[in-house]
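Every read-out reported here was derived from the displayed coordinates using simple, explicitly stated rules and does not represent laboratory data. The structure displayed is predicted, hence computed values, not measured ones. Every residue, glycine as well, gets a Cβ built from its backbone with ideal geometry; the counts of neighbours run over all protein chains shown.
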Amino acid sequence: MNLVIRSVSKTYGNGVRALDDVSLTIPPGMYGLLGPNGAGKSTLMRTVATLQEPDTGTIRFGDIDVLGEPRRAREVLGYLPQDFGLHPRVSAEAMLMHFAALEGIAGRSARREVVESLLRQTNLWDVRRSKLGTFSGGMRQRFGVAVALLGDPRLLIVDEPTAGLDPAERVRFLNLLSALGERSVVLLSTHIVEDVSELCTRMAIIHEGRILLETEPPQAIEALAGRIWRRTVTAGELERLEAEHRVISTRLLAGRTIAHVHADGAPGPNFEAVRPDLKDVYFSAMTGASA
């Protein structure tokens with residue numbers, strides 16, 4: 001069952017065009033929506049989650065008209081927003097029991113069974129009686145997934161889930177999302193390239209409300225083979241390099257600036273060819289370089 005987004009646009013009252021004719025077909029599995037902060041990712045996530053309406057366009061999930069039948073859509077989707085509030089003095093188990101009742105799961109024994117299953121699935125069973133205010137960032141995110149999974153959704157929308165997590169918590173959280181992607185559509189919005197690289201079978205890059213690239217990560221990386229070049233430069237050299245060539249990214253390594261250039265051939269002396277990765281795909285798309 002695919003999530004099909006067609007010609008979706010949204011302009012806010014202040015004149016900001018958050019989405020500009022966005023069209024995507026998202027198959028089952030993990031799908032990454034990659035872009036910088038302010039690119040329109042969260043606007044698209046909220047629109048798919050039926051929390052706001054676009055100015056134009058359609059969204060369908062299987063036979064469900066998401067915009068025309070929001071109640072029906074909410075029955076099959078789960079949503080983990082970038083920021084969500086928790087009652088710090090309530091235990092994880094008690095809070096999830098409350099949400100299960102709101103979800104319409106009838107009978108206390110049935111709710112307990114569902115809650116136990118979700119807390120075990122998100123690796124929170126051993127801390128089920130701990131207050132939510134004591135949870136680490138990663139534990140909070142995993143609890144958010146447990147809430148989103150109530151009702152066994154076929155479409156899970158996750159907005160910037162790993163921002164601020166330490167490396168160990170990030171790995172645990174990504175492993176959880178990967179398992180969920182085996183049986184449903186998981187739409188992952190992030191500005192972290194590694195999240196998409198490690199998880200997603202398909203991806204789109206969005207910037208200023210427009211889709212710049214829609215692809216499979218391995219194919220996009222392969223398309224850049226032989227076109228990414230690297231050189232260590234000084235500040236003055238970087239200015240000249242940017243004037244003469246398409247510099248897609250720079251980074252510091254041991255206090256020295258490493259520039260990556262997109263070019264069909266060696267841009268000049270002292271450049272070495274680089275095996276591209278998804279960061280090179282991302283920065284090439286963001287700077288308008290084509291494979």
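Just the Kirkwood number for the chain, please: inverse of mean 1/r across all distinct Cα pairs, in Å, one decimal. Before the final figure, lay out the partial values.
Details: mean 1/r = 0.0481 Å⁻¹.
Taking every pair of different Cα atoms in the chain, averaging 1/r and inverting gives 20.8 Å.
Please give the peptides 161-170, 31-40 ranked by average Cβ packing (other Cβ atoms within 10 Å per residue), highest first, as a rough proxy for protection. Could you put the intermediate results ahead of the total?
Numbers: 161-170: 16.4, 31-40: 21.8.
Output ranking for 161-170, 31-40: 31-40, 161-170.
Give me the net charge for the shell around G133: Cβ to Cβ below 12 angstrom, other residues only, Lys and Arg +1, Asp and Glu -1. Kindly include the intermediate steps, with their values, before the conclusion.
Working: positive: R89, K131, R140; negative: none.
Combined, the nearby Lys, Arg, Asp and Glu give +3.
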(message) Output needed: percent of Cα pairs per 10 Å distance bin for segment 41-146, bins running from 0 to the one holding the longest distance.
(response) 14, 37, 31, 17, 2
(request) In a Gaussian network model over the chain where Cα atoms closer than 10 Å are linked, find which of E93, E103, E53 has the largest mean-square fluctuation. (result) E103
(request) Sort Y12, Y282 so that the residue with the fewest other Cβ atoms within 10 Å of its own Cβ comes first and the one with the most comes last. (result) Y12, Y282
(message) Between helix 137-148 and the chain, what is the angle of the helix's C-alpha long axis to the longest principal axis, kept within 0 to 90° and rounded to the nearest 10?
(response) 60 degrees
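Against the globular-protein guess of 2.2 N^0.38 Å, express the Cα radius of gyration of segment 221-286 as a ratio, rounded to two decimals. Mind dumping the intermediate values first?
Values: Rg = 11.1 Å, N = 66, 2.2 N^0.38 = 10.8 Å.
Compactness ratio reported: 1.02.
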(request) Would you mind telling me which residue in Q141, Q219, Q121 has the biggest mean-square fluctuation in a Gaussian network model of the chain, where springs connect alpha carbons within a distance under 10 angstrom? (result) Q219
(message) If I take R0 = 45 Å and measure r between the Cβ atoms of R246 and M1 in this structure, what FRET efficiency does the formula 1/(1 + (r/R0)^6) give, to the nearest 0.05?
(response) 0.65
(message) Going Cα to Cα from K279, which lysines come in below 25 Å? Please leave out same-chain ones fewer than 8 positions away.
(response) K41
(request) State, to one decimal in nm, how far the label point of R72 lies from the label point of A225, with both points 7 Å from Cα in the Cβ direction. (result) 4.6 nm
(request) Kindly provide log₁₀ I(q)/I(0) values, in the same order as q = 0.12, 0.28 Å⁻¹, from the Debye equation applied to equal alpha-carbon scatterers of segment 1-71. (result) -0.30, -1.47
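Sum up the charges of everything whose Cβ sits under 15 Å from the Cβ of F173, counting Lys and Arg as +1 and Asp and Glu as -1, but leave F173 out.
It works out to a net charge of -3.
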(request) Measure nothing but the geometry: give the 0 to 90° angle between the long axis through the Cα atoms of 167-180 and the longest principal axis through the Cα atoms of the chain, rounded to 10°. (result) 70 degrees
(request) Would you look at the GNM of the chain, springs on alpha carbons closer than 10 Å, and say which of R183, R154, R142 moves the most? (result) R183
